[in-house]
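S.K.: The structure that follows is given in the form of structure tokens.
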Amino acid sequence: MSSLSPFLEAASGQEPRHTPVWFMRQAGRSLPEYRALRGEGSILEAIKTPEIAAEVTLQPVRRYGVDAAILFSDIVVPVAAIGFGIDVIPGRGPVAEHPFTSRSDLTRLRPLEVDQDIPYVIETVRHVAAELNAQDTTLIGFAGAPFTVASYLVEGGPSRTFTKVKALMYQDPELWDDLVAVLADLSISFLRAQINAGAQALQLFDSWAGALSPNEYARFALPATKHVLESVSDLKVPRILFGVGTGELLGQMATSGADVVGVDWRVPLDEATQRIGNHPLQGNLDPALCFAPVDALEDATRDILRRGAKAPGHIFNLGHGVLPETDPDMLKRVVDLVHNEGRTLAKEAQ
Ligand code: 1CP
């Protein structure tokens, strides 16, 4: 038997013992034990408390038996830690007190000094890695891709239209390039710190890349994303790149240096693998289907397992994060189905 976990087997294109599964945002508000532990207030405070952050990271592993834990953290942790002035408002998301508007704002973005700025992240990772070591569960570290982090800094908060970001890209492309270069360096330091402390895989979240056209993605987002992924290749851990609404970008994402490409629910995985080529895929159950009748949820899960078999490796996940109102029992059903039937359905479909 291989010494790799099922997650790492699938991520490296080997045949896993069972199809691995985890859920983006699995540690979040859908778990009563999370709400009980965390209470009110900014998530950034919880992240700064290693005992709480480690416990929250482990809660979904215990409840669901997922194959990976994702560190309880946020994509804005590095920019917050260097004092850009950003907080995460409950029910809303990251909000910047003074958004990034001009060249002088670059002075508010200094390099990350891991030991001084985020010692709590290192401590949390060490704690979780030690606990998971005895199991076959992989710890995933993560960071935001430069475009998606920039969108919060420039818009000042969550956005649907990305008007300020696009205005900046087109008005002052050199300033944009300088901004994403600084954010790339922050994400590189953040990822390296997590892997050095014991995380065994990494995911780069470019959640809002789907707001860009293929030309915009090629010009304004992909180069900095590539730089991040290539700068961590020496760490020899699987690198996952994920975004939402990226159907028309999947071919470019495959050239980013990512080992595994995350796919949202809009593109069936057999179609996605034609666009992506020879990479394991991660995805892609619509998180809203957890609110549908159980039969529909299970049929959709089986369909994804069959289509995922066309890729050189499949890590089951949702197509985006767990929605806060989700009934945890529905996710438990998905995990059990993927573990019990995943390999059989995949073999039948191959
Ligand atoms: O399982 C987990 O919950 C792991 C921890 C995790 C991760 C992977 C959190 C905690 N945040 C993230 C990444 C993150 N943060 C992303 C990429 C993933 C994705 O697309 O869902 C993004 C876009 C953010 C920014 C963010 N932070 C938002 C989205 C706002 C928007 O633009 O719509 C929100 C709501 C947050 C707050 C947050 N971060 C994490 C949690 C559990 C929460 C909820 C609030 C809380 O409990 O206080």
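S.K.: When only residues in the stretch 32-50 that are under 22 Å from Cys290 (Cα atoms) and within 9 Å of the ligand (Cβ to nearest atom) count, which is most open to solvent (accessible area, probe 1.4 Å)?
M.R.: Result: Arg35.
S.K.: Identify, by number, the condition in (1) within 18 Å of Phe190 (Cβ to Cβ); (2) out of contact with any helix residue (DSSP H, G or I) (no Cβ under 8 Å at 6 or more places or on another chain) that Val237 doesn't meet.
M.R.: Result: Val237 fails condition (2) only.
S.K.: While we're here: So, restricting to strands (runs of 3 or more DSSP E) that lie completely within the stretch 1-117, which ones have at least 3 residues that are in contact with a Gly (Cβ under 7 Å, 6 or more places away or on another chain)?
M.R.: Where strands (runs of 3 or more DSSP E) fall fully within the stretch 1-117 and carry at least 3 residues being in contact with a Gly (Cβ under 7 Å, 6 or more places away or on another chain), they are 93-96.
S.K.: Does Val66 qualify as being out of contact with any His (no Cβ under 8 Å at 6 or more places or on another chain), under 25 Å from Glu9 (Cα atoms) and surrounded by 21 or more Cβ atoms within 10 Å (Cβ to Cβ)?
M.R.: Considered against the rule, which asks whether it is out of contact with any His (no Cβ under 8 Å at 6 or more places or on another chain), under 25 Å from Glu9 (Cα atoms) and surrounded by 21 or more Cβ atoms within 10 Å (Cβ to Cβ), Val66 comes out as yes.
S.K.: I'd like the residue in the stretch 248-262 that is within 16 Å of the ligand (Cβ to nearest atom) and farther than 18 Å from Val165 by Cβ and, out of all such residues, is surrounded by the most Cβ atoms within 10 Å (Cβ to Cβ).
M.R.: Here the answer is Gly262.
S.K.: Then there's this: Select from the stretch 51-105 the residues that are of a type in the set (Ser, Thr, Tyr), more than 20 Å from Phe162 (Cα to Cα) and either out of contact with any Phe, Trp or Tyr (no Cβ under 8 Å at 6 or more places or on another chain) or more than 8 Å from the ligand (Cβ to nearest atom) (or both) and list them in ascending order.
M.R.: Tyr64, Ser104
S.K.: Can you find, within the stretch 212-232, the residue that is surrounded by the fewest Cβ atoms within 10 Å (Cβ to Cβ) among those that are closer than 16 Å to Asp185 by Cβ and among the hydroxyl-bearing types (Ser, Thr, Tyr)?
M.R.: For the stretch 212-232, the residue satisfying everything is Ser231.
The values are calculated or read from the model by the stated rules, or taken from the named source; none is laboratory data. What you see is a predicted model; the values in this text were computed from it and never measured. For neighbour counting, all protein chains shown are included, and Cβ atoms are generated from backbone atoms with ideal geometry for every residue, glycine included. Ligands, DNA and RNA are excluded from the accessible area calculation, which covers all protein heavy atoms including side chains. Shrake-Rupley method; radii C 1.70, N 1.55, O 1.52, S 1.80 Å.
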